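Nothing in this text is a laboratory measurement; each read-out follows from the coordinates by a stated rule. Predicted model only: the values in this text are computed from it and were never measured. Ideal geometry is used to build each Cβ from the backbone, glycine not excepted, and the neighbour counts take in all protein chains shown.
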Amino acid sequence: MALAERIRILMVEDVATDAELEVRELRRAGLSVEHKLVDTEQGFQSVLGDFRPHLIISDFSMPHFDGMAALALARELAPEIPFIFVSGTIGEEYAIRALKNGATDYVLKTNLVRLPAAVERALQDARDRNARQEAENKLAETRQRLQSIYESLPDILWSVELPSRQITYVSPAARTIYGRPASAFLGHGELWREAIHPEDKPGVIEAWKRLLQGAPFDLEYRIVRPDGSICWLYDRARVIRDGAGKPVRIDGLASDVNEAVRQRQRLARLGRIRDVLGAVNAACMRIRERKALFEEFCSIAVSRGGFMRARFIEVLRNRTLSIVANTEGEGSAFAGLVASYNQDPDKAQGLLASGLRSGQIVISNDLAADEREPDRAQLTRDGSYSVVVLPVKVEGAVVAAATLNARETGFFDQEELALLSELVANVELALELEAKREKVDYLALYDPLTALPNRTLFQDRLTQALEAARRSGMMLALGVFDIERFKAINDTLGQRAGDEVLRTFAERLKVAFGDVNRVARLGGNSFGVMFPAIQDAPDAARVLEETSAELTGRPMTVEGKEIKITTKTGIALFPDDGADAAALFRNAEASLKRAKETGDRFLFYAPHINARVAEQVELEARLRQAVEKRELFLHYQPKVSMETNQIIGVEALMRWRGPDNLLMSPAKFVPVLEETGMILEAGRQALEMAAAAFREWTSHGLRAPRIAVNVSALQLRQKSFVDDVRAALGRGDSGVDLEVTESLLMEDIEESIRKLRMLRESGASISLDDFGTGHSSLAYLSRLPIDLLKIDRSFVRGMTENADHTSIVSTIISLAQALRLKTVAEGVETDEQARLLRLLRCDQMQGYLFSPPVAKEKLEEMLAAVPA
């Protein structure tokens, strides 16, 4: 209250003239005064509540109402109002008593000239008290708010006083992270030091010393909880100084980074195993002698793979074992285990015996607790560890085995086992080559994997058969078989499983056609078969029909899994389709290519293939015209939040109406766009259309989702790719994101990273499409400037029937979370698939369960139905 304002004064006085004199004195001093006069307790209480005075002036002695009683009542009902005694009878003793009881001041009636100053001072003191109280209230509120924030944080806030180094604050998160209440640290100053893992304690203490000397404190270390479990902390702190620069305390923040460290260690392990894989592959190419190869394998596993121990044992002809390579030297517990096995191989028990007997990889992620190993106590005298037994087979028989020991438990997971399987497959191949190195001629003419004639030998035999057919005047047919979806088998189950499929199919070919000289492996997943002495094309077709049951009629069992295969076959006839082996091969493979395009199980070479070529030329011409006239358009398939079931994005899909005005399958025209280079212009148009649609939806007030547009290989390879995309999207937020496949990125990984990072800095998000089906390196994955992983529909489709697919999806989601990426599942078609994805904490889904790709107008109706 400013002094110029009217002052409301409650006057407790039984002599009205005295009150008037006091008011007159105040007004003479320039104060604006409004007053109420009371002389009873009842009147005092009534006016105090209604009048709301700024100040109380009271006589000390009155016949009906004592001044000290008025003071006591004022302290009780309105302690914030200043109280001044004005009396002619108050003595020094009573004045001191009044002041002790809460009076602000006292003035003698004989010295009223002092009253205005006393009033002004009392009012100023009241204002100062009110201001202090308000500041204290706000400070208390701020402290309460900060305390609430501290208590809700998952990280530990801590503070240490200097120079005493006494812990003065630890936030409640200590119970979750340390397994101890915050109060335990306040009462036990050395508890935090005692909780540090013994191996990390020297480094932490040294970092603390450097902090006190002015260095930054920023490090990861382990702590041991009361239950013995280990937790990784990321701890950082700084020294707080006063105005003079003197250190007064240290404030810090400690976070639980267990999961991040686990994922980082896991990626590092995978990187080391990949390094081992590369080094062993090089050794397989360089080293020809078996024992030297095994020793090199063990050395690489320990020095580059980080394994604790590595051994290689060989299975001798009498089925006993011999240790060929061992990184821990002689006299080990493992040597005793091998000696025990050799006493009676048929009755031997344990992980090694199980692996040798089954020919399958055997793992134990905690050997000390694994009841499958009778000698576990002897083998783990120095502590438990993880172990894997890797049987090595040559021509179907186990000839050796490697064992690798990892220092920690829980080391091996599915991805590591897949890499180790590939490693073993390469060693097996090297052993097979080594076993046959004296059969150079054989290797030159036969496929080492399937033992079938290779293309060179088969073409020579085909030439001989053509000469015989020419002399006899008989027809001959050449069939070229191709196993469908073979790349998917390799990518999903690994190269070892793919090789097993090729070997099994080769055996079936030999059984079906009865003569190994009539069949061959031409390369990859292609096989050739001769049909000599046939009457005509229908005769060859009958042979194919009769053998189809043997070739593909029943599933194969590969590494414990049943795989159903199908084939496509191209057939060329002698003499109609070629007079020599080269011509027949060329035309049979042309027929195979067309069979793949049409979906027919087998096709004969015929003149109408030329018509197909003409059709292709016409399609290219029409597409070129469509691109020039901007006749391509987009459909949009929504991406839905797994949490809210609302549209949070769409994928733009290219569409075109053919000559019959019907939608043509993108699988038919998009490859033509890519082969002819028209995809560059079509891709630019797709980006422009997507950006225009987003801006239109935004301007109409719709909740516009971001639009993902696929990028082709040809677009990404262009040096001007970044500028082309920016030009197509225009300025401002285009609402357009990019989708690239992992196999596309790996073509030139460093250049791809550079280009995508530039676009990401421009505001576009990057999605990695069809994740899990390509061959991206996890070492590069963490570097890719991506925001989202798209789980391929082949894994989503198989989730409800195949536990392996569910595991793959779970692994992809866990990996994405570790890298702080979002995940979207493609091809979700059933409620069961959606339920599983929610349980696995997938972020988004896309598929026919929610919506197929729809026209722009239909999507706008869907968006308009959602409240803004």
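Before moving on, here are some points about what is shown:
- The packing ranking of peptides 241-251, 43-53, 709-719, highest mean first, is 709-719, 43-53, 241-251, where packing means the average number of other beta carbon atoms within 10 angstrom of each residue.
- Chain lengthening between V248 and L839 when straightened (0.36 nm per residue, less Cα-Cα): 207.8 nm
- Ranked S641, S364, S58, criterion: other C-beta atoms within 10 Å, fewest first: S641, S364, S58
- Segment A579-E467, length gained on full extension (0.36 nm per residue, minus Cα span): 39.3 nm
- The range 399-479: GluC sites (Glu not before Pro) in DSSP loop, at most 14 other beta carbons within 10 Å: E408, E438
- Beta bridge orientation in the chain: antiparallel %, DSSP, nearest 5: 65 percent
- The distance separating the Cα centre of the range 265-334 from that of the range 472-490 comes to 40 Å.
- Förster radius 60 Å - calculated FRET efficiency between L662 and D346, Cβ distance, rounded to 0.05: 0.30
- Restricting the trypsin sites (Lys or Arg not before Pro) of the range 307-346 to loop positions (DSSP other than H, G, I, E, B) with no more than 16 neighbouring Cβ atoms within 10 Å leaves R317, R319.
- Excluding same-chain neighbours fewer than eight residues apart, the lysines reachable from K856 by a Cα-Cα span under 18 Å are K639.
- Value at 222 nm in deg cm²/dmol, rounded to 500, when DSSP H runs of n ≥ 4 in the chain each add -39,500 (n - 2.57): -15000 deg cm²/dmol
- Relative to the longest principal axis of the Cα atoms of the chain, the long axis of helix 333-343 lies at roughly 40 degrees.
- Virtual spin-label span in nm between E562 and N130, 7 Å along Cα→Cβ: 8.8 nm
- Sparse-neighbourhood loop sites, trypsin sites (Lys or Arg not before Pro) in the range 789-843 - DSSP loop, at most 12 other Cβ within 10 angstrom: R820
- With Cα atoms, 0 to 90° folded angle of helix 803-818 axis to the chain main axis: 40 degrees
- Only one item in (1) 17; (2) 38; (3) 6 matches percent of Cα pairs over 57 Å apart derived from the coordinates shown, and that item is (2).
- Note on the range 467-598: dipole from Cβ charges, positive end direction compared against P538, G479, V558; the farthest Cα belongs to V558.
- Under 25 Å from the Cα of K487 - lysines, other chains or at least 8 residues apart: K393, K510, K561, K564, K568, K593, K596, K668, K790
- R0 of 45 Å, Cβ-Cβ distance A549-A621: FRET efficiency to nearest 0.05: 0.55
- Within the straight-line cut-off of under 23 Å between alpha carbons, the lysines reachable from K209 are K201, K246, sequence neighbours fewer than 8 places apart in one chain being disregarded.
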